[in-house]
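Inspection log for the structure reproduced underneath, given as structure tokens.
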Amino acid sequence: MHFSFARIRPLLFLLTSIISCQVLAQTETSNDLARSTSDSNQIGNALNIPEKGFFSGSEWYVSGGFNKSHYSNSDINVSQPSLGNNFTVNDVKGHDEYPPKLCCMPDNMRIGRFFDGSKNFGLELSLDHTKFTSTLGQTASVSGVNNGSLGTGNQVLNDRNFYYRLHNGLNDLMLNLVYRSPIFGEINEQSSLAFIGRVGAGLVYVHPDITINGNDNYVGKKNVNNLIGFNSGWWRIVGMSTGTEIGVRYTLYKQFYLELTDKMVFTNMNNIPVYEGKASQHLFHNQVILSAGFTFGGTK
């Protein structure tokens, strides 16, 4: 049989076309996959998607510290319906009367997480414990209706006619947005210093110990069944607080740091239990806070 190339030319052309289409299709698929992978990596980098899980993908920290607090003068309203009393003690001076006890629980606790790639922005849960005490011996103006020993007009406040203590305490539980920026050195580098700022809001709960016209309030014993609540409990949830805080964080060694900050807090409190009634108070206070902390996670 005589072999003729012309006879198989159409078949070779068809096979070549099929193979070329397959090669082109595979090339386009590979290019699309590469582009998709590159786009995914760019999106992942932009969003800082963790590569090793929730804790190791971002930097976490915990800290504990102590504060010294200063309070603005404030008006305290007292309502005792069963006694026919509704009066306001105006411009009450208060103070933070106890020194820090380093052997005991810290006054200021934080747990937070930086969530962006540069580790500048984070979210934090903070608990600040302070104590407010009305200053005895001060002269305050009393307005409204009061038939007890605390009359209206100017009165000298003593431990029987009006002694107002939020001793255990005046507690703020806040969710904060955190910003951190290096001042010198890199973030978390040994002996580096960074600016730290916070803004947040949350609940305020108090343990009141209040004497009005010789009558003490009683909120029951501290136990599991009488721990915290809005209308009952050893601690009472009585309102909201907002706060701003600025300061510096100094990295001592590896994950350990010290933090010195100044915090301004505005607290709006209602339904504070007193004898046969409730009190309300709007209060500004300032805390100078020294904390020690530890960072973990943040590795990739």
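In table form, for the structure just shown:
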item	result
Charge context of Arg165, other residues only, Cβ under 13 angstrom, K/R +1, D/E -1	-4
Accessible area of the range 53-203 belonging to carbon and sulfur atoms, whole % at 1.4 Å probe	60
Net charge, Leu227 excluded, C-beta distance under 13 Å - Lys, Arg +1, Asp, Glu -1	+3
Charge context of Asp128, other residues only, Cβ under 15 angstrom, K/R +1, D/E -1	-2
Backbone HN-Hα couplings from phi across the range 123-131 [Karplus 6.51/-1.76/1.60, Hz, Gly and Pro as x]	10, 8, 10, 10, 10, 10, 10, 10, 10
Average accessible surface area per residue within the range 145-300, 1.4 Å rolling probe, Å²	48
Distant-in-sequence amide H partners of Asp75 (H built 1.01 Å from N, under 5 Å)	Asp91, Val92, His282
Cα-based convex hull, the range 177-300, per residue volume (Å³, whole number)	150
For peptides 77-83, 226-232, 279-285, sequence by mean Cβ density within 10 Å, most packed first	279-285, 77-83, 226-232
Relative contact order (%) - criterion: Cα under 8 Å, at least six apart; region: the range 178-259	34
Extreme residue, positive dipole direction of the range 71-200, given options Asn147, Val199, Gly112 (C-beta unit charges)	Asn147
Sites matching GluC sites (Glu not before Pro) across the range 198-290 that sit in DSSP coil, with at most 13 neighbouring C-beta atoms within 10 Å	none
At most 11 other Cβ within 10 Å, DSSP loop - trypsin sites (Lys or Arg not before Pro), the range 182-251	Lys221
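The values are calculated or read from the model by the stated rules, or taken from the named source; none is laboratory data. If you're wondering where the values come from, they're calculated on a predicted model, not measured in any experiment. Every residue, glycine as well, gets a Cβ built from its backbone with ideal geometry; the counts of neighbours run over all protein chains shown. SASA here: full protein model, heavy atoms, side chains in, ligands and nucleic acids out. Shrake-Rupley method; radii C 1.70, N 1.55, O 1.52, S 1.80 Å.
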